[in-house]
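Notes follow the structure.
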Amino acid sequence: MPKGIFILYVLVTLWAIGSIILHGSRATKSLSWLLTVMVIPFGGPLLYYLFGVNRRKFRFFRLQQTEKRKLYNENYNQLESSEEAAEIADPKYSKLSKLIKENCFFSAYANNKVMIFNDGKETFDAIFKAIEKAEKFIHLQYYIFEKGEISDRFYVLLEEKIKEGVEVRLIYDAVGSFSFKDKTIKKFKKIGVKAYPTMPLRFGNLLFTLNYRNHRKIVIVDGLVGFIGGVNVSDKYITKTGLGIWKDMHLQIEGPAVDSIHRVFIKDYHFASDEELLLNEKYLPKNPSKGTSSIQIVTSGPDSKQPAVMQQYIAMMNSATKSIFIANPYFIPGTTVLQAVKIAALSGIKVSLLIPGESDSIMAKYSMFSSFEELLEVGVNIYLRDDFSHSKVILIDEEVASIGSGNFDHRSFEHNFEANALVYDKDVVEKICTEFKSYFDTNDTIDYETFKNRSILRKFLEGLAKFFSPLL
């Protein structure tokens, strides 16, 4: 190696090691990055620079937009729905509700109507039906908005509504919706859709934004009907792939909680478009009572002072007295959340984990399986679905449910902008539980003794993936 290149290699490696030691957020994650930096010449420091720098602590790398978003919270966090916040009477959940309010500025609101959808077809049929009835505006936000049959249906329907005078706004993640660009985006803009990418990959900010993604999936129609959950705009939900047709859970909400969901969109749209701030009565109308469910919206992202989704999940598990049901395609919880799951199981609470047997990510699959032996040992029930479920659901005591975009992994807890809906309604949650339990009878459960005797190669791959799991 030429002397100049060797000196450069030493300098960038020492910089990366020093930064990891000074600004690392967790010992396990820091050790993983140290190994990556030392094992992969030049590539290791570059990966750390792109994905590992703790920008919350390292002032030089803080995103200007993130600082502006924090200022936005200071200016507008006192804006409340026109409806009075709901009192969560059960002391088990009142602490949870207060935590979410302190972290995310959203209260729980009563008198909402909730509809549950368990797959993409149901979800899109309901979304298109709501859009057809739109009179004023349609607001869409997706992590993945990709070319295909579903996006074509959106195009035709949105074109019709724009001709009727309905305003249409769309924000999409620049990485997740990478195929939604050039001619495709121009086609939507040509018919009058105000479309903008969130955290766009542009020269000058690529190294600062690549690791922060907007993972939310939200639709708002006239400020009166809202959709939130895990379903992206992708034909994977209606057409067979190598993993079959993807399954996912999504919610349609009508009532005061729609105001909270819409405020999430309004904030993201403001920073994506750098245009209007839609905080007025036209876009935030008074939402009449529609049902009996109390709902609270949970959000988190790089602009959050606390890892709100992670704290939400831990608080939910800590409130359980009977059962915890978790469905997630990327169950890579990290030490803190993993201990919360184990404590619950060892305390006599029935803990059941439902994950897909196959994954769209080999690294994620082996990372998930790497924690199963210690979970099975303490009595956690683990079921493998024979299809690919993308749902992100946690149910507590069959009384409270969270459905949204937040996974059980470091990316959702620390790097992504996420949005969940907390449903405090036993009747609604029982319906979700019925769907959940149906998979217990039709899918394989992992036996502890059998799993312990898996091959050495399998254990090695799991151990390797586990070591790098903090980087996922």
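The values are calculated or read from the model by the stated rules, or taken from the named source; none is laboratory data. Bear in mind the structure is a predicted one, so any value in this text is a computation, not a measurement. Glycine also receives a Cβ, built like all others from the backbone with ideal geometry; neighbour counts cover every protein chain displayed.
So that you can scan it fast, the table gives a plain yes or no per residue for (1) in the same structural domain as residue 424 (by TED's automatic domain parsing); (2) of a type in the set (Gly, Ala, Ser); (3) surrounded by 24 or more Cβ atoms within 10 Å (Cβ to Cβ):
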| position | (1), (2), (3) |
| --- | --- |
| 303 | no, no, no |
| 315 | yes, yes, no |
| 332 | yes, no, yes |
| 343 | yes, no, no |
Q: Select from the stretch 386-410 the residues that are charged (D, E, K, R) and at pLDDT below 90 and write down the one among them that is farthest from residue 227 (Cα to Cα).
A: 386
Q) Restricting the first residue to the stretch 260-274 and requiring it to be farther than 15 Å from residue 137 by Cα, which pairs with a second residue that is hydroxyl-bearing (Ser, Thr, Tyr) and surrounded by fewer than 24 Cβ atoms within 10 Å (Cβ to Cβ) meet a Cβ separation below 7 Å and a spacing of at least six or different chains? A) 260/81; 267/72; 272/196; 273/196
Q: Determine the pairs where a residue that is over 9 Å from residue 114 (Cα atoms), located within the stretch 287-298, has a partner that is of a type in the set (Val, Ile, Thr) and part of a loop (DSSP other than H, G, I, E, B) with Cβ atoms under 9 Å apart, the partner being 6 or more residues away or on another chain.
A: 294/88; 296/88
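Residue 360: crowded, with 23+ Cβ neighbours inside 10 Å and closer than 30 Å to residue 302 by Cβ, yes or no? Even if it seems obvious, please write down each step before you answer.
Values: crowded, with 23+ Cβ neighbours inside 10 Å: no; closer than 30 Å to residue 302 by Cβ: yes.
So residue 360 fails the test.
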**Q.** Top-ranked residue of the stretch 272-294 - restricted to ones that are closer than 14 Å to residue 226 by Cβ and touching an Asp or Glu at 6+ places or on another chain (Cβ under 8 Å), ranked as surrounded by the fewest Cβ atoms within 10 Å (Cβ to Cβ)
**A.** 285
Q) Would the stretch 120-142 turn up any residue that is assigned by TED's automatic domain parsing to the domain that holds residue 213, under 25 Å from the mean Cα position of the chain (by Cα), surrounded by 17 or more Cβ atoms within 10 Å (Cβ to Cβ) and of a type in the set (Lys, Arg)? A) no
(Q) Can you tell me which of (1) buried (at least 19 other Cβ atoms within 10 Å of the Cβ); (2) of a type in the set (S, T, N, Q); (3) at pLDDT 95 or above; (4) over 20 Å from the mean Cα position of the chain (by Cα) is the one residue 371 doesn't meet? (A) (3)
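Which fully enclosed helices (runs of 4 or more DSSP H) of the stretch 423-468 have 2 or more residues being of a type in the set (A, V, I, L, M)?
Details: elements: 426-442, 448-452, 456-468.
In the stretch 423-468, 426-442, 456-468 are the helices (runs of 4 or more DSSP H) which contain 2 or more residues that are of a type in the set (A, V, I, L, M).
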Q: Sort out which residues of the stretch 241-254 are over 29 Å from residue 222 (Cα atoms) and not in a loop (DSSP other than H, G, I, E, B), and write them in order of number.
A: 241, 244
Q: Mind checking which strands (runs of 3 or more DSSP E) fall wholly inside the stretch 139-240 and carry at least 2 residues that are among the acidic types (Asp, Glu) and free of Cβ contacts under 8 Å to residues at least 60 places away in the same chain?
A: 167-173
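Residues checked against (1) among the small types (Gly, Ala, Ser); (2) modelled with pLDDT under 65; (3) closer than 19 Å to residue 308 by Cα:
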{"position": "15", "(1), (2), (3)": "no, no, no"}
{"position": "57", "(1), (2), (3)": "no, yes, yes"}
{"position": "67", "(1), (2), (3)": "no, no, yes"}
{"position": "96", "(1), (2), (3)": "no, no, yes"}
{"position": "107", "(1), (2), (3)": "yes, no, yes"}
{"position": "120", "(1), (2), (3)": "yes, no, no"}
